[in-house]
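What follows is a single structure, written as structure tokens, with notes after it.
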Amino acid sequence: MKKDNNIEEILKNIGAEELPADVRQIAEQTSREFSKTLTQSKKPKHFVLGDYIMKSRISKLAAAAAVIIIAALIINFQFSTSGVAWGALVEKVESVESVVYHLTTNLKMQELPQGQASKTTAIAYYSSEYGTRAENYINDQLSFIMYLNPKENIYVTVMPEQKKFMRVINKSPDELKQIAEKDDPRVMVRHMMSAEYKHLGRDRINGIDVEGIECSDPKVMGGMFEDATARLWVEIGTDFPVRIEIEGIVSGGQMEISMVMGDFQWNVDLDPALFVPDIPSDYTSQDLNLPEVNEGTAINALRLFAELTDGRYPGNLALLTLMKEITEELTKKYGIKIIEKQDEYTSALTDILQAGTFYAQLDREDKEAVYYGDSVTTENPEAVLLRWKVSDGYYRVIFGDLSALDVTAEELAELETPSLEQ
């Protein structure tokens, strides 16, 4: 493998002396937690990305971290869609007991030299009996292997480069089962099939006759993108998916991502040993307690960000935008000493990202959530910062001073006017 294809060399080229190992670890951990709930829709007031331009050396480190986050996200992605389902195809796919598939992602960022792209690939094995195994590669170099078996209460990520493995210890088998469903391609197909779509007609992929549909919706891939298009190609005669294609844009075109999921093997025999974590004796361990997602952790996240930025809140709670903004601010704070401050850095990163996780959960549950962080600061204590519906006619509001209150729809309309006018 050529040296300039190595991810660390790319990071050096874009201006970061070194990406801390813990930044890579926390990116992978955080992406898995976000994949459980991330379904942020495109709303004009709080999905403002066009003006977010990365110019500084600090932004380049944020871009580098985003590369790592996307590498981890691609093995856990899910679709969020609505509309008319193709019941026959859904039933066909959900009857499958096992599947193997490949996922290739190409990431282009303006901050990378001469438009250089970062390539990530994943090979995933899913079994209804044994769980999930996913191998992730960045520019053809193994980054991590994830093992998830709810029946045995196993959720482990092994990172060969760091000679380390991380083990989630605070989730029940039922909770792990819910996480595993987000890796299940059968669930992905079900959501894709229930999208509003247009027919693409027939084509041939690798010698296979297929028929396709296409949907364009920013909710595709759980709201990771500002704009996105997804295509699903199904083999004529077997009704099994052959390929899923995703094209997405982030930050007004500052980042372009293309994804291809294919090489499916449906109902294939899998060796149970594949799903048993293979951990060398000289690897160090780290136990993880994935944080709960609730109003309290979200308020704490917003408070931490405001303290970091002298009163400003995140401009947007979409995952990739929030990740870049946090990393920029933390790098401004620590500068080159960020390498020495890894514990503080990763702790702050994890805590602040909970605001995005909470917002995604609200959006996934259709709580009519709206966020005004692009205009409200701590200097607007009575302005609505975030609100969501709790029941018919009632809303929960977090204000600019981070106090929270339940209000009626009529009261919200009056309270929300200053936020809209900011």
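The values are calculated or read from the model by the stated rules, or taken from the named source; none is laboratory data. Fair warning: this is a prediction, and the values are worked out from it, not measured in the lab. Neighbour counts are summed over all protein chains in view; Cβ atoms, including those assigned to glycine, are modelled from backbone coordinates with ideal geometry.
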(request) State which residue is nearest to residue 333 (Cα to Cα) when the search covers only segment 288-312 and only residues that are part of a loop (DSSP other than H, G, I, E, B) and either under 19 Å from the mean Cα position of the chain (by Cα) or among the polar types (S, T, N, Q) (or both). (result) 309
(message) With the structure loaded, tell me whether residue 315 is over 30 Å from residue 127 (Cβ atoms), of a type outside the set (Val, Ile, Thr), in a loop (DSSP other than H, G, I, E, B) and modelled with pLDDT of 85 or more or whether it fails that test.
(response) yes
(request) Please state which one of 402, 349 is closer than 15 Å to residue 302 by Cβ and either modelled with pLDDT of 85 or more or in contact with a strand residue (DSSP E or B) (Cβ under 6 Å, 6 or more places away or on another chain) (or both). (result) 402
(message) Quick check on segment 304-316: of everything there that is of a type outside the set (Val, Ile, Thr) and over 19 Å from residue 403 (Cβ atoms), which residue is surrounded by the most Cβ atoms within 10 Å (Cβ to Cβ)?
(response) 316
(request) Please work out if residue 301 is crowded, with 18+ Cβ neighbours inside 10 Å, at pLDDT 90 or above and under 30 Å from residue 161 (Cβ atoms). (result) yes
(message) Suppose we filter segment 254-279 for residues that are touching a strand residue (DSSP E or B) at 6+ places or on another chain (Cβ under 9 Å) and in a helix (DSSP H, G or I); how many remain?
(response) 3
